[in-house]
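Trainee: Handing you this structure, nothing more for now.
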Amino acid sequence: MTLAHFLHGLRCASCGTLNALWLDLIRALVECHQCGQTALTLTDTDEGRSL
């Protein structure tokens, strides 16, 4: 079982379905439960700081 969070108020970029996206923190993926499209999430390790 993975920890997943519902992404409220967002639409899938692929199929346009509202409120069908889930964030899987363990796998670092966002998935649409309507069409199955997935996207990898990345974290900013520099926290936006420039050199």
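Just so you know, all these numbers are worked out from the coordinates, no wet-lab data involved. Every value quoted in this text rests on a predicted model; they were computed, and no experiment measured them. A quick note on method: Cβ atoms are made from the backbone with ideal geometry, for glycine too, and the neighbour counts reach across all protein chains shown.
Trainee: Just for the Cα atoms in the chain, what are the lengths along the principal axes, largest first, rounded to whole Å?
Mentor: Its Cα atoms span 41, 27, 17 Å along the three principal axes.
Trainee: A follow-up question, please. For the chain, with the dipole built from +1 on Lys and Arg beta-carbon atoms and -1 on Asp and Glu ones, taken about the Cα centre, which of H5, L25, S50 lies farthest toward the positive end?
Mentor: Farthest towards the positive end: H5.
Trainee: Using +1 on the beta carbon of Lys and Arg, -1 on that of Asp and Glu, and nothing else charged, what's the dipole of the chain about the Cα centre, debye to 20?
Mentor: The dipole magnitude comes to about 160 debye.
Trainee: Mean separation of Cα pairs under 8 Å and 6+ residues apart, divided by the residue count of the chain: what relative contact order is that in percent?
Mentor: Rounded, it is 25 percent for the chain.
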